[in-house]
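Below is one structure, written out as structure tokens, with a few remarks after it.
The values are calculated or read from the model by the stated rules, or taken from the named source; none is laboratory data. The model shown is predicted, which means the values in this text are computed figures rather than measured ones. With ideal geometry, Cβ positions are generated from the backbone for all residues, glycine too; neighbour counts draw on all protein chains shown. These area figures cover heavy atoms from the full protein model, side chains too; ligands, DNA and RNA do not enter into them. Shrake-Rupley method; radii C 1.70, N 1.55, O 1.52, S 1.80 Å.
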Amino acid sequence: MTRISVIGAGFGALTAIRKLRAADPKLAIDVIAPKPEMVYYPSTIWIPTGLRAPEDVVIDLGAFFLRMGVNYHPGAVTGLKDGGRIVVTDSDEEIPNDGLIIASGGRFLKKLPGIEHAITPCEGVDAAVRIRDRLAAMKGGNIAFGFAGNPKEPAAMRGGPVFEFMFGIDQHLRKRGDRDAFKLVFFTPAPQPGNRLGPKAVSGLMREMERRGIETHLGQKLKGFEADKVITEGGEFGADLILFMPGMTGNAWFDNTELPRSEGGLLQANAHCQVVGQDKVYVAGDSGSFPGPDWLPKQAHMADLQAEAAVANLLGELAGQAPRHTFKSELVCIVDTRSSGILVRRTEKSSLVLPSTPLFHWAKRGFEWWYLRQYR
């Protein structure tokens, strides 16, 4: 019986499982992840302001795994053997496969001095809860929101959610009635924040910040953080609460493999999502460095598209065919403000930005329900 291992339980991994099972009801699928649950990260932006509770965004995958007929192996991957044909976990389990799909996400770079004083919003539910609790205890003060990238991997950044946390918290404070007691500051080393979304999005985001009275500190290299300040080469400013999204790199367990890496530490993939030079080893989502435009996003939609291509090519290889499927480079997101949203779509041929409206906020909530129904 053909066995395929899938590492991870996020967007790319779950899409891979669905596509594998749809293609072959008899295929043996082994899934390796620390917990049988999915965190729906797009909705963690609403935890600090009470629109979502932690239990709303953590999905138990037990029923889904049962429906898909997969073999779930609890544990964290620690390495590979035999050119990827064996996955090794921290429970000393060795799981053999005929093909491998790696969708274990990425790891945030935390090298800046004093970064322990900042909360990384997309690090998980616990981080969002910390923001919620800190915000609830504050009666005023300065809140700083920022992001940076991996200088060796331009695509390995996730800045979009920072805008959503910032706009959502601004809206929440206004609803609370004490927005005037707070100063909100947005900072990033980039001179044009959000330029990966396209030039129209940059101007739209800047207008939205100006409209909301959010100060900006742009284009200055970050030097570090202290408990009550952000320090850049262009100066420093006070911050009683710091939300900062650093750039991303590959998982630590990649070091225990012979898989090729990009300069930024991710798995080097080709246009077919195949790890370069590897036999029947594929990657999807944040774990990989893929060819494409410089704005190629690290987001759930892109992970889904890459997982689909990875499955098609892996199954083709197992049937004796050369990889031929590629993924579409496409950025689609709604930058949410808790009561409205800005729609952004970018492809290699076009760029679209639609202005803020409550309709897009409700569309984002509707998509959450539609997407998660397949895993509940």
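Checking region 173-181 against the condition returns a match, with at least one residue being of a type in the set (Asp, Glu) and open to solvent by 80 Å² or more (accessible area, probe 1.4 Å). Restricting Ala322, Ala312 to residues that are more than 20 Å from the chain's Cα centre (by Cα), free of Cβ contacts under 8 Å to residues at least 24 places away in the same chain and farther than 16 Å from Arg158 by Cβ narrows the list to Ala322.
Name the residues in region 24-43 that are farther than 18 Å from Ser287 by Cβ, open to solvent by less than 60 Å² (accessible area, probe 1.4 Å) and out of contact with any Asp or Glu (no Cβ under 6 Å at 6 or more places or on another chain), would you? Hits for region 24-43 are Asp24, Leu27, Ala28, Ile29, Pro36, Tyr40, Pro42. Among what's in region 327-359 and is of a type outside the set (A, V, I, L, M) and closer than 18 Å to Thr49 by Cα, pick the residue that is most open to solvent (accessible area, probe 1.4 Å). The extreme case among them is Pro358. In region 182-200, what count of residues is obtained for those that are open to solvent by 20 Å² or more (accessible area, probe 1.4 Å) and under 23 Å from Asp228 (Cα atoms)? Residues in region 182-200 being open to solvent by 20 Å² or more (accessible area, probe 1.4 Å) and under 23 Å from Asp228 (Cα atoms): 3 in total. Restricting attention to region 3-23, the residues that are open to solvent by 60 Å² or more (accessible area, probe 1.4 Å) and not in a helix (DSSP H, G or I) total 1. Restricting Thr326, Thr357 to residues that are modelled with pLDDT of 90 or more, closer than 17 Å to Pro291 by Cβ and among the β-branched types (Val, Ile, Thr) narrows the list to Thr326.
When the residues of region 201-245 are narrowed to those that are in contact with a strand residue (DSSP E or B) (Cβ under 7 Å, 6 or more places away or on another chain) and hydroxyl-bearing (Ser, Thr, Tyr), which ends up most open to solvent (accessible area, probe 1.4 Å)? Looking at residues that are in contact with a strand residue (DSSP E or B) (Cβ under 7 Å, 6 or more places away or on another chain) and hydroxyl-bearing (Ser, Thr, Tyr), I get Thr216. Search region 30-43 for residues that are under 8 Å from Val57 (Cβ atoms) and pair each with any residue that is assigned to a loop (DSSP other than H, G, I, E, B) and open to solvent by less than 70 Å² (accessible area, probe 1.4 Å) when their beta-carbon atoms are under 7 Å apart and the residues are at least 6 apart or on different chains. Once the first residue is under 8 Å from Val57 (Cβ atoms) and sits in region 30-43, its partners that are assigned to a loop (DSSP other than H, G, I, E, B) and open to solvent by less than 70 Å² (accessible area, probe 1.4 Å) give Val39/Gly124; Ser43/Arg52.
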